[in-house]
Amino acid sequence: MTVTLSPAAETARYIDSLGPEALAKAHAYTTGNHWLLLAGLCVSLLVVWLIVRSRLLDRLTDRLSGRSWALMTFTVSAAAFALGDLIALPWTIYTDWQRQHAYDLSKQPLGDFLGQWALSEAISVLLAGLFMLGIYALIRKTGARWWMWGGGLAAVSMALMVMAAPSVIEPMFNDYKPVPPGPVRTALEQIADDVGIPHDRIFMYDGSRQSERFTANVSGIGPTARIAISDVALKEASLAEVRAVTGHEAGHYKLGHIWRYVVIFPLLAMIMFFLLNRLFPPPPGCWAAMHNWAKHAVCRCSWR
């Protein structure tokens, strides 16, 4: 006999089983996240205002006067990113650490959180500085058409990040090991077979270091593609949850959604560059645009 399940009905049944207290807590957390989007925008505007008012970047530029344009561009760009994130650190601690603890979603000590933030910041600042150096080099070499070449640079940068993050960057923050034999491993191998990922590319990482939630991801492209699940899978998550969460992520990989980032983000960057080229002088406008793009598209999303 064939049993037909309704995803909507099963979802409603699961949600109802959580109980009123858990549902109220989840609603409060989700609603708070929505307000954080608006508050985050205000914080970003305040950070930019403080940087401009402080004139610290102007002073740094004056100190580097007479040095090569490449050194000046990289140093000032990297300093801009570092200064902005440092000013926003209290807000980051609240949203990414304190609030997670308040909702029992993390047990990570503050010291460990700050250590990982510092490592992430070092990587982000280095990559952002190099990217901005490339943008300004294109402005010098290609003139009014720099915005087109800038979009190409954004595409290459995004593709390299997608390929390098699973093997180079993410292991800096967590310990990745093969998933031990058992029902979870068997379920993951079935998912891997469905999406064409070799069994030796199935990993488990110590995600409980940062979060009590079960998470999984299917990242990378080509030979760097892999399935990675948090160790919470063997501690608290059920086999059904492992199948559901990992299968969802594998679906994104199977449908090629990752290529949307490789294509769409560079196109958006190119459009932004074009508008800046028409509305503002390229050098100051370029920094303002890429501070936003690089922070959300290149720096953190891949490894935090």
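The values are calculated or read from the model by the stated rules, or taken from the named source; none is laboratory data. It should be emphasised that the depicted structure is a prediction, and the values quoted were computed from it without experimental measurement. Cβ sites come from the backbone with ideal geometry, for glycine too, and all protein chains shown count toward neighbours.
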Handout entry: Residue that is surrounded by the fewest Cβ atoms within 10 Å (Cβ to Cβ) [pool: residues in segment 222-254 that are farther than 26 Å from Thr11 by Cα and in contact (Cβ under 8 Å) with a residue 60 or more places away in the chain]
Key = Thr224
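Does at least one position in segment 131-153 carry a residue that is among the aliphatic types (A, V, I, L, M) and closer than 24 Å to Arg213 by Cβ?
no
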Exercise for the section: Please find, among Ala159, Ala154, Ala244, the residue that is over 25 Å from Ser106 (Cα atoms), modelled with pLDDT under 90 and of a type outside the set (Phe, Trp, Tyr). Expected result: Ala159
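Need a quick list: helices (runs of 4 or more DSSP H) entirely within segment 1-110 having at least 2 residues that are in contact (Cβ under 8 Å) with a residue 12 or more places away in the chain.
Correct list: 20-54, 56-63, 69-87, 89-93, 99-102.
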Exercise for the section: Please verify whether segment 89-104 includes one or more residues that are surrounded by fewer than 18 Cβ atoms within 10 Å (Cβ to Cβ), among the basic types (Lys, Arg) and at pLDDT below 95. Expected result: no
Handout entry: Of the criteria (1) over 18 Å from the mean Cα position of the chain (by Cα); (2) modelled with pLDDT of 90 or more; (3) surrounded by 16 or more Cβ atoms within 10 Å (Cβ to Cβ), which one Cys286 fails
Key = (2)
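Listed here are the residues, each with its yes/no results for (1) within 26 Å of Gln116 (Cα to Cα); (2) loosely packed, with under 11 Cβ neighbours inside 10 Å; (3) aromatic (Phe, Trp, Tyr).
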{"site": "Ala12", "(1), (2), (3)": "no, no, no"}
{"site": "Leu36", "(1), (2), (3)": "yes, no, no"}
{"site": "Arg53", "(1), (2), (3)": "no, yes, no"}
{"site": "Ala70", "(1), (2), (3)": "no, no, no"}
{"site": "Leu83", "(1), (2), (3)": "yes, no, no"}
